[in-house]
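I have a structure here, written as structure tokens, and I will follow up with some questions on it.
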Amino acid sequence: MRGAAALAAAFLLAGCALHPLYAGGAEGPVAQSLRGVEVAPIAGRSGWLVRTALEDRLGHQSGSAARYRLEVELEDNIAGFGIRSDDAVTRERRTLRARYRLVEAGRGTVVLDATAGSDAGVDVVGSEYATVAAEQSALERLATEVADQIVARIALYTTHAGETPERR
């Protein structure tokens with residue numbers, strides 16, 4: 001009985017259309033497609049952090065021909081919401097939102113237009129230095145989270161659009 005159940009499960013899984021997105025590792029088709037994405041400059045400190053995180057994840061070599069250009073616009077906000085009776089803020093929420101466009105470099109056609117974002121809570125303490133340091137740490141974490149979301153979406157796009165090198 002157990003053997004029949006295992007055999008049935010094996011057949012069900014064999015018919016499943018799921019496959020690893022990053023199959024093949026650094027030499028796989030998705031990784032090769034991601035290396036063809038050049039990140040345009042992004043304004044501000046948050047832009048520098050997001051761009052650096054994107055470049056690390058995409059692996060594009062500067063000077064090499066890019067198939068796509070990634071354009072990112074950021075919105076970075078800090079809002080206080082934990083307010084004491086003396087009107088002092090005790091908690092803040094830092095939000096980083098990105099609108100990004102993947103543009104075909106040769107034709108200038110936008111092939112992907114989407115958003116990504118994340119937020120983090122920050123405790124406001126008696127030391128202004130500690131609060132500023134916590135805000136900066138939150139921004140660094142948010143930049144990596146937003147970059148991860150963008151790269152994952154681009155990887156899905158290249159997979160579903162058939163733009164991986166082995167399918168060209």
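Answer yes or no as to whether GLN149 is at pLDDT 90 or above, within 17 Å of VAL39 (Cβ to Cβ), not small (Gly, Ala, Ser) and not in a loop (DSSP other than H, G, I, E, B).
Yes.
Considering each of VAL72, VAL50 in turn, give the residue that is farther than 30 Å from VAL125 by Cβ and under 13 Å from the mean Cα position of the chain (by Cα).
Going through VAL72, VAL50 in turn, just one is farther than 30 Å from VAL125 by Cβ and under 13 Å from the mean Cα position of the chain (by Cα): VAL72.
Any idea which residue in region 152-168 is nearest to ASP119 (Cα to Cα), counting only those that are in a helix (DSSP H, G or I) and at pLDDT below 75?
Top of the filtered list is HIS160.
Give region 99-142 a look and list any residue that's out of contact with any strand residue (DSSP E or B) (no Cβ under 7 Å at 6 or more places or on another chain) and small (Gly, Ala, Ser), or say none.
GLY106, GLY108, GLY126, SER127, ALA130, ALA133, SER137, listed by residue number.
Follow-up. So the check is Cβ under 6 Å with 6+ separation or different chains; which pairs have a first residue in region 61-81 that's touching a residue at least 40 places away in the same chain (Cβ under 8 Å) and a second one that's outside any loop (DSSP other than H, G, I, E, B) and of a type in the set (Asp, Glu)?
Close Cβ pairs (under 6 Å, with a partner that is outside any loop (DSSP other than H, G, I, E, B) and of a type in the set (Asp, Glu)) amount to ILE78/GLU92; GLY80/GLU92.
ALA120 - would you say it is part of a strand (DSSP E or B) and at negative phi? Quick ask: steps written out before the conclusion?
Values: part of a strand (DSSP E or B): yes; at negative phi: yes.
Spelling it out, ALA120 is indeed part of a strand (DSSP E or B) and at negative phi.
Something else now. Does GLU135 satisfy the criteria of being touching a Ser or Thr at 6+ places or on another chain (Cβ under 6 Å), surrounded by 15 or more Cβ atoms within 10 Å (Cβ to Cβ), outside any strand (DSSP E or B) and among the acidic types (Asp, Glu)?
no
From the residues in region 91-119 that are surrounded by 15 or more Cβ atoms within 10 Å (Cβ to Cβ) and β-branched (Val, Ile, Thr), which one is farthest from LEU139 (Cα to Cα)?
If we take residues in region 91-119 being surrounded by 15 or more Cβ atoms within 10 Å (Cβ to Cβ) and β-branched (Val, Ile, Thr), then VAL111 is farthest from LEU139 (Cα to Cα).
The values are calculated or read from the model by the stated rules, or taken from the named source; none is laboratory data. No experiment lies behind these values; they were computed from the predicted model shown. Cβ sites come from the backbone with ideal geometry, for glycine too, and all protein chains shown count toward neighbours.
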